[in-house]
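The values are calculated or read from the model by the stated rules, or taken from the named source; none is laboratory data. Fair warning: this is a prediction, and the values are worked out from it, not measured in the lab. Cβ placement follows ideal geometry from the backbone for every residue including glycine, while neighbour counts extend to all protein chains displayed. The area values use the complete protein model at the heavy-atom level, side chains included, leaving out ligands, DNA and RNA. Shrake-Rupley method; radii C 1.70, N 1.55, O 1.52, S 1.80 Å.
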Amino acid sequence: MKKLFLLSILISSAGLILGCDDMVANSVPKSAAPKKSQKCAGNNPGFSIEFFKTNNQGERYSRGINHVILFNPKSPKLDFKVNVGLAHQIYAKDSRGNFKRQYIPKFFSQLVADENSQLNSRKPIAAINADYIDTVNKPQGLNISRGVEYSGAFKSRRSSFAISGGSPSQRVATIGIGKRGSNLLNYNVVGGNGRFYSQGQFKDICKALGEFACKGAINRSMVAITSKGYVIFLVNDMKANSSIAISANNKELLPSQFDDVLTGIARNNCLGRIQEGMLFDGGMSPGLFYNNKVYVENFGPIGSVFLIYKK
């Protein structure tokens, strides 16, 4: 009898211990907690590209407000291109041999799906909205598509995001103002504005953006580059997702919170530290596409999109 009594105590104790562990595990949303079998992208030499959602701490969450595309520019499985709104084929030349630049207004979905969005007959697997558009439908900043420039009045004054040309192992992602020092670095470039990371230092750019862009136009579109060379595309889509679970940690991003979400994504995916970061066109402009699905659609014409292809 004593043995049976002791055995029942041991079983009860074990149940309590397991119960405590289960309570800890259940305190985190299942969708936010990484699976044990899931490979950490930054430690996986074969990693190329992935889409997921996060909350504002950068934790994976199936109902997260942040739509994320994470990719490795050096992956031999990927290629890149920039598309802008044109009334003709991209890279077309006139009778004098000059590149034609007849701009027309186009929405994000059009720039992802028109003929100019294809690369060697391949359709893109991923895309994000990028540059602003001016009153005559021309991109405002620095935009270069596979070495051919389609830029505007602010090309030397605003920040831009680029992925260099060359073999996959040579590719690097950069964020800077104006053209880079090497033509190879200026192979695929899209304009933006509002740089909030520079050489690993974060800056709250609320005042620089102004009251409306800081607190009013809350749909955000941004890019960040990590110390290991990975790229994070992120669109925080507050207005278009009224049905999602809004909470203190899953809602619109103010500029002071950019560091929280991007640092969380970098840490949780073994990407190193965030080195560079900037905004793309926000407000009514953000758009995000991945694997034949438009996750975020914009409400106005945009200057350019950055496109990713799988070989």
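Of note:
- Remark: the chain carries 49 Å² of accessible area per residue (probe radius 1.4 Å; ligands, DNA and RNA excluded).
- Set of aspartates and glutamates near Lys207 by C-alpha distance (under 20 Å), chain-local residues within fewer than 8 positions excluded: Glu252, Asp259, Asp260, Glu276, Asp281
- Extension gain for Thr174-Cys40 works out to 45.9 nm (0.36 nm per residue, less the C-alpha to C-alpha distance).
- Two-decimal log10 I(q)/I(0) for segment 70-184, as the Debye equation yields it once each C-alpha is a single scatterer, q = 0.10, 0.11 Å⁻¹: -0.30, -0.37
- Taken over segment 155-205, the percentage of Cα pairs per 5 Å bin, counting from 0 up to the bin with the maximum distance, is 5, 21, 28, 22, 15, 8, 2, 0.
- Report note on the peptides 66-76, 98-108: ranked by the mean count of other C-beta atoms within 10 Å, highest first, their order is 66-76, 98-108.
- Computed over the chain, relative contact order equals 26 percent, with contacts defined as Cα pairs under 8 Å that lie 6+ residues apart.
- Angle in degrees between helix 258-268 and the longest Cα principal axis of the chain, rounded to the nearest 10: 60 degrees
- The shape of the chain comes out prolate: with a ≥ b ≥ c from the C-alpha gyration tensor, a/c is at least 1.5 and a/b beats b/c.
- Pairwise FRET efficiency - Glu149 versus Phe212, Cβ, R0 = 25 Å, nearest 0.05: 0.25
- For the options Gly272, Gly147, Gly210, a Gaussian network treatment of the chain with springs between C-alpha atoms closer than 10 Å singles out Gly210 as fluctuating the most.
- With all pairs of different C-alpha atoms in the average, the Kirkwood value for the hydrodynamic radius of segment 152-250 is 15.5 Å.
- Surface share of carbon and sulfur [accessible, 1.4 angstrom probe, percent] for the chain: 54 percent
- Label zone (Asn183, point 7 Å along Cα-to-C-beta; backbone nitrogen cut-off 17 Å) within segment 95-121: 98-99.
- Placing +1 on each Lys and Arg Cβ and -1 on each Asp and Glu Cβ, with no other charges, gives the chain a dipole about its Cα centre of roughly 760 debye.
- Kirkwood-based shape ratio for segment 131-178, expressed as Rg/Rh from alpha carbons: 1.03
- Pairwise Cα distances in segment 197-311 exceed 18 Å in 54 percent of cases.
- Taking label points 7 Å from Cα along the Cα-to-Cβ direction, Lys93 and Ser247 give a separation of 5.8 nm.
- Length-normalised contact order of segment 49-188 in % [C-alpha pairs under 8 Å, at least 6 apart]: 18 percent
- Relative to the longest principal axis of the Cα atoms of the chain, the long axis of helix 2-26 makes an angle of roughly 20 degrees.
- Too-long pairs where the Cα-Cα distance tops 23 Å, listed order kept, from Lys39/Lys228; Lys39/Lys123; Lys39/Lys310; Lys106/Lys155; Lys53/Lys311: Lys39/Lys123; Lys53/Lys311
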